[in-house]
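The values are calculated or read from the model by the stated rules, or taken from the named source; none is laboratory data. As the structure is a prediction and not an experimental result, all values here were calculated from the model. Every residue, glycine as well, gets a Cβ built from its backbone with ideal geometry; the counts of neighbours run over all protein chains shown. Side chains included, ligands, DNA and RNA excluded: accessible areas come from the protein's heavy atoms. Shrake-Rupley method; radii C 1.70, N 1.55, O 1.52, S 1.80 Å.
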Amino acid sequence: MSSGENYTAEIIELRNEMNQMQMDFSENSNAFFLCSMALIIFLMQCGFAFLEAGAVRSKNTTNILIKNLLDSCIAVIGYWSIGWALAFGDSSNNIVGLFIGHTQFFLAGLTNYPKFFFQYVFAATSATIVSGAVAERCEFANYITYCTVISTFVYPVLTHWGWHPQGWMYLGIQTSDIHTTYLDFAGAGVVHLCGGTISFAAAYIIGPRIGRFPEDGEEESIEIKGHSVPFAALGGFILMFGFLAFNGGSMADIVKPGEGRIVALAMINTILCGAFAALTFLIIHFLTKGKWTLLLTINACLAGMVSSCAGCNRMEPWASSFTGIGAGLIYLGLSHLMIRHVFALLRVDDPLDAFAVHAGGGLWGLLSTCIIAHEGIVYAIADAIGNHHGSLSFRQAFAQLGWQLICALAIVLWSLLWMVPIFLFLKKIGKLRVSAEVEINGLDIYKHGEAAYPLHAYGHGWDDYEPIKDKKSNAAPSRDHAESEQFR
Amino acid sequence: MSSGENYTAEIIELRNEMNQMQMDFSENSNAFFLCSMALIIFLMQCGFAFLEAGAVRSKNTTNILIKNLLDSCIAVIGYWSIGWALAFGDSSNNIVGLFIGHTQFFLAGLTNYPKFFFQYVFAATSATIVSGAVAERCEFANYITYCTVISTFVYPVLTHWGWHPQGWMYLGIQTSDIHTTYLDFAGAGVVHLCGGTISFAAAYIIGPRIGRFPEDGEEESIEIKGHSVPFAALGGFILMFGFLAFNGGSMADIVKPGEGRIVALAMINTILCGAFAALTFLIIHFLTKGKWTLLLTINACLAGMVSSCAGCNRMEPWASSFTGIGAGLIYLGLSHLMIRHVFALLRVDDPLDAFAVHAGGGLWGLLSTCIIAHEGIVYAIADAIGNHHGSLSFRQAFAQLGWQLICALAIVLWSLLWMVPIFLFLKKIGKLRVSAEVEINGLDIYKHGEAAYPLHAYGHGWDDYEPIKDKKSNAAPSRDHAESEQFR
Amino acid sequence: MSSGENYTAEIIELRNEMNQMQMDFSENSNAFFLCSMALIIFLMQCGFAFLEAGAVRSKNTTNILIKNLLDSCIAVIGYWSIGWALAFGDSSNNIVGLFIGHTQFFLAGLTNYPKFFFQYVFAATSATIVSGAVAERCEFANYITYCTVISTFVYPVLTHWGWHPQGWMYLGIQTSDIHTTYLDFAGAGVVHLCGGTISFAAAYIIGPRIGRFPEDGEEESIEIKGHSVPFAALGGFILMFGFLAFNGGSMADIVKPGEGRIVALAMINTILCGAFAALTFLIIHFLTKGKWTLLLTINACLAGMVSSCAGCNRMEPWASSFTGIGAGLIYLGLSHLMIRHVFALLRVDDPLDAFAVHAGGGLWGLLSTCIIAHEGIVYAIADAIGNHHGSLSFRQAFAQLGWQLICALAIVLWSLLWMVPIFLFLKKIGKLRVSAEVEINGLDIYKHGEAAYPLHAYGHGWDDYEPIKDKKSNAAPSRDHAESEQFR
């Protein structure tokens, strides 16, 4: 045996070892990345819970909190048993595969656990959006029904369309010079437009809270305030935290050259869009109303982050100013103008502005990514000015925008197709909405037996209320006992 | 010199470089993995703090919060100085090594910092469980004492037994055809069964809160409600978040082939077990009591997650339904039946159900992993049916279950052996429990000088209370000032 | 062609592939590490928000929350447009480069997105510290101004000085036997000393809250209590969580041999310093005042963590006891002695002790790292005792301490140089502080139109207040409705 053969064999072996090492590292790195981002996205359930808990009255607080807890629980069972199979199960290479997957029910045969875990937290998020729109009057059976249907069926099918290589939205239109696909990196459409659309339908069908709209044709509607601004803010902060992982994690892979940079870029664009939307809204609101509103600024910030979902991996940071300011204006338009006029006419009562934040922000995100992100219309214009085969770029960019609009429409119609009949059916059988008595008196005690702040649990026994003035006199020796909560 | 030697040398060098690279990556990846999971587990202290703060009355809120803060502080000093050495310090290869480590006190000579950091957050968790069981009446000295003893001594020794390659529980019984070890991936036994057992002992010895049990033989006991359902829910959400890292992170390593998948599998099983336990409990509770309880459902969910600790790396997702439903039923049994009857007889008052959640969930987890996880009794039955040397599998599976029971018993006895005398001693010297006067009036002001919600800090000066009806009239120009907190 | 050439070519190719693989992995691992740590640091905004919200009165809660929300928003726009360029933009190799970077405005030409994202969250943190010191009386315009200036200009320039390889503090003094640099791993100086110094200036110039200091020469000042201890604790827990990532993440790199260990070491030292500071403070406070204070213990813990920032990568864990205990004593001195006497004389009202925590802890951190960390004075003494060229070590160690003092002084002066004129200017134009009427009645409703806890949002309609005694009688059938929040 010649030594040459030895070297060859050794080199081949070395290369094999190296490839094996690369594969192992890649698999483990991606698993770690997906799991850690999914963990943070999971915490968004807590964010939604508190954003919503702060925005309802104290008498309905337990109700909204349990709903957010059950979301995570129902979604994991629904997505494990059926949802994953519909979304990412293998599919025959025919027309069925364009619309639905149909293997790996109950995860049978699945090995890619990290992807399942990551996709599950997305499914849970899509279901949780709706609860804000029906808060303070929704029957518990309704919660459980729509949460199950969305996380098990409506949302998974949409992700198959848009994110599975066989899905019809993903495949897009392919001609010799036009190549379209569905551009939605982190779910502006399949998560937020879907959730926002269902929110609108739910809020419309369930009807407004008692006392929300004037009964006798008065012009101004009454604002029903939530019971805790700090809880709403806590929810907002946690959601911002979660959104960064939501968008960064959507890379789903962090081993190929440059992927880490894109993860960071997605996060930067997310916070930039949120910041531009928040400041745009805040300034206009201040100029018109004279108040620096916190609650609406949080919503505007979230709308900005939602709008970044579609293209945060393909936008330069400067482009975030366009997307973010646009999102702020759209939220402003939807929440101030439309809600005041159109919604009041339709008597749509959406306590959390779920429609404006998620559907408005989501739709704008889908469009803006065709305008301002790489290969978008702005780039086509720049090409045209520079005379680099401009007309081709133009056609491609507008074709993409058109396809994106078709996809957005499909998402809206699909969401309504299933959820409207369900809501109407629940209404018919009286399981959509609680009775007026329960609504007026509060859901917590009647439905859950748990007041959020039981009066008995407050107060202490050290002294009584001591006016602050008396503190200055030295006649008050029991200074440490001065605080009394007797009346809380 | 022949060129052949050159090639050989080059290939050897290349292989060395590759091995070095693999080692460096492995070390750094594992360090990153352990640190980031440990960070999230660290936040569980915040979760416990709020779960417990929500469940106590407002007059004892500061007291329970400071306890959870000090837990982290005391545990790190205790575990750094002594605990780590007992748990994972090297040990002589003799009988001593079966029970205890005895080097690296104060981390002298330690280089594996990531492992220390990860193990520390576990130790802090094990100590924190007890505080729920003695809430609202525990002397501060008692807190500090048991926290120190558990994190410095009781818990570290248990981990040496179960997780150190020289520990007697780890080594198990080895015969020619039976190989048992201690199966506890993430501490169902050493963390939760230990903490839950001590909770029971502490709650029994310290006695019930004043007013908790009927004084004159009445049948029904009075429920003392916590002051804030939202805080309890906040704690619950953070604990669910933390549990996913707790169980996933227990892999402790994420570089060898397939390890990333197991991390994700552990997380999936954790949330599935929590979901099944929560829904099982919720439905039965609703059917029997007619209320959708949030607080108990959170506990059931946590019990489910605790039960997943033992085998979440070795269960298929479908098996989580068994483990989770079982955990829900056990929590139901312990909290509804036993607590109502046995506990009332013994006058054990465990405000947070720490015993039911942690000891019940933990013990069930240890057993169920021998039943439903790979190589468990269910698999042995399947083997037997398929005639694949069934009797051997059976013997192995039951031997493992037996060993697991012995280990569980050892954990219970070891925990009681040290903590019961300590609690009795503290009782004797009057440092176990605060005086009746302090308990009735609340611990916060007397012990800490800090009321949770000082009355002086509430209220504002804009207008007075304005009834909502008046808003409709245009005679109220100061609409923005309508909210008054005067009476809060 | 000889086969030898083939082997050579193949080996070279293999080596190239390996190097490429190493580069890709390194880049992606670092990106992942930086992004995930930055995410957790981002959550510190939530921590500051709640630490501060809990420490103000309910009438100013919305005000402090919106400020923390806007911090993140303003800082990202400021740091993206200008801050990054000044801090880490390339610079000419001349005297300008010692002080400032001047390329990559608006991130033009930037590819290292992960580093930008990580540095941004630091910038946001530096700006957020000040709000605690001016809480409950600060004009909104003032917030926006100082936040913009700090995150866009003051802080970025400091980081150029200290952390950019061309910065003058980084370069230090280099002679044949003395080599000094600026030792500040995670920003004890550039983040915390800077923020704490500005806090002091702001609190002094803005003046104390109405009612804070005695009007007529009485000896004791009145303590204005915050409205929610649980919120303050929540903030404290989140900040501790964030600090671990803040310090561990400052490694900024986790691929070279041993880097993962240092990340873990930094985290361990952080929690150890915090624990020693907290326990030191708590014990002395208890011995002198007789109360186990939660709020001040949280502050002491944070001061300890701040003090660990400078040298947590270069200290052995045992050295954390020195740094931590020192931080506890310094916080004690600054908050108890100085604030009671010096501050009262100067009428400096710093509601959150931002000066004591951040400036005190930060300065102590900068010094202690020259004393107790590797190559510090303690090591020089040990060297001297062991006769290993002790005098050289001594000179080096003291030169380093001297340089560190010069750097600390520069940070203080630079911070004051810009912020004092700005605060004075704002004072002159009446935009520093709200009017007395607004301050007394609260900022929330007047400035923001949003009361933190709108009274209308509380209460429910199930029964009225039912005394706990009545529950025992069977005459109360509506037991589940017993809790009433009517008066909340």
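Some observations on this one:
- If you go through region A:351-386 and pick out every residue that is open to solvent by 50 Å² or more (accessible area, probe 1.4 Å) and within 23 Å of A:Ala278 (Cα to Cα), you end up with 1.
- Selection status of C:Ile262, closer than 14 Å to C:Gly362 by Cβ, open to solvent by 20 Å² or more (accessible area, probe 1.4 Å) and not acidic (Asp, Glu): no
- Remark: B:His164 falls outside the filter, which requires a residue to be within 16 Å of the chain's Cα centre (by Cα) and either assigned by TED's automatic domain parsing to the domain that holds B:Ala245 or touching a residue at least 40 places away in the same chain (Cβ under 8 Å) (or both).
Residue-by-condition table, conditions (1) within 7 Å of another protein chain (Cβ to nearest Cβ); (2) within 20 Å of B:Leu239 (Cα to Cα); (3) not small (Gly, Ala, Ser):
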{"position": "A:Tyr7", "(1), (2), (3)": "yes, no, yes"}
{"position": "A:Glu10", "(1), (2), (3)": "yes, no, yes"}
{"position": "A:Arg15", "(1), (2), (3)": "yes, no, yes"}
{"position": "A:Met21", "(1), (2), (3)": "yes, no, yes"}
{"position": "A:Met37", "(1), (2), (3)": "no, yes, yes"}
{"position": "A:Leu43", "(1), (2), (3)": "yes, yes, yes"}
{"position": "A:Gly54", "(1), (2), (3)": "no, no, no"}
{"position": "A:Asn60", "(1), (2), (3)": "no, no, yes"}
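- So A:Ser92, is it small (Gly, Ala, Ser), open to solvent by 10 Å² or more (accessible area, probe 1.4 Å) and out of contact with any strand residue (DSSP E or B) (no Cβ under 7 Å at 6 or more places or on another chain): yes
- Qualifying positions in region B:432-445 - surrounded by fewer than 16 Cβ atoms within 10 Å (Cβ to Cβ) and either of a type in the set (A, V, I, L, M, F, W, C) or in contact (Cβ under 8 Å) with a residue 60 or more places away in the chain (or both): B:Ala436, B:Ile440
- Of all residues in region C:281-293, those satisfying the criterion of being more than 10 Å from every other protein chain (Cβ to nearest Cβ) and open to solvent by 10 Å² or more (accessible area, probe 1.4 Å) are C:Ile283, C:Ile284, C:Leu287, C:Thr288.
- Taking the listed residues A:Phe116, A:Phe25, A:Phe32, A:Phe122, the one that is buried (at least 21 other Cβ atoms within 10 Å of the Cβ), facing another protein chain (nearest Cβ under 8 Å) and closer than 27 Å to A:Tyr146 by Cβ is A:Phe116, with no other qualifying.
- Given (1) buried (at least 24 other Cβ atoms within 10 Å of the Cβ); (2) closer than 25 Å to C:Thr111 by Cα; (3) facing chain A (nearest Cβ under 7 Å), index of the condition C:Leu65 fails: (2)
- Listed by position, the helices (runs of 4 or more DSSP H) contained in region C:154-267 that have at least 2 residues being within 12 Å of chain B (Cβ to nearest Cβ) are C:229-249.
- Residues that are in a helix (DSSP H, G or I) and surrounded by 23 or more Cβ atoms within 10 Å (Cβ to Cβ) were ranked within region A:335-350; the one that is modelled with the highest pLDDT is A:Ser335.
- Residue check, B:Gly172 surrounded by fewer than 24 Cβ atoms within 10 Å (Cβ to Cβ) and within 17 Å of the chain's Cα centre (by Cα): no
- Within region C:167-178, residues that are of a type in the set (Ser, Thr, Tyr) sit with their Cβ atoms under 8 Å from residues that are assigned to a loop (DSSP other than H, G, I, E, B), at 6+ positions apart or across chains, in these pairs: C:Tyr170/C:His164; C:Tyr170/C:Thr181; C:Tyr170/C:Tyr182.
- Residue among C:Thr280, C:Thr293 that is more than 16 Å from C:Phe185 (Cβ to Cβ) and in a loop (DSSP other than H, G, I, E, B): C:Thr293
- Total residues in region C:353-403, condition touching a Lys or Arg at 6+ places or on another chain (Cβ under 9 Å) and part of a helix (DSSP H, G or I): 2
- Flag if C:Gly326 is surrounded by 24 or more Cβ atoms within 10 Å (Cβ to Cβ) and over 17 Å from the mean Cα position of the chain (by Cα): yes
- Condition broken by A:Phe276, with the remaining ones in (1) open to solvent by less than 20 Å² (accessible area, probe 1.4 Å); (2) without any contact (Cβ under 8 Å) to a residue 60 or more places away in the chain satisfied: (1)
- Any hit, region B:378-399, residues being in contact with a Cys (Cβ under 8 Å, 6 or more places away or on another chain), under 25 Å from B:Tyr182 (Cβ atoms) and touching a residue at least 60 places away in the same chain (Cβ under 8 Å): no
- Evaluation of A:Met44 against the conditions (1) free of Cβ contacts under 8 Å to residues at least 40 places away in the same chain; (2) in contact with a helix residue (DSSP H, G or I) (Cβ under 7 Å, 6 or more places away or on another chain); (3) in the same structural domain as A:Phe117 (by TED's automatic domain parsing); (4) of a type outside the set (Lys, Arg) shows that the sole unmet condition is (1).
- Test: C:Gly311 is open to solvent by less than 20 Å² (accessible area, probe 1.4 Å) and out of contact with any Ser or Thr (no Cβ under 6 Å at 6 or more places or on another chain): no
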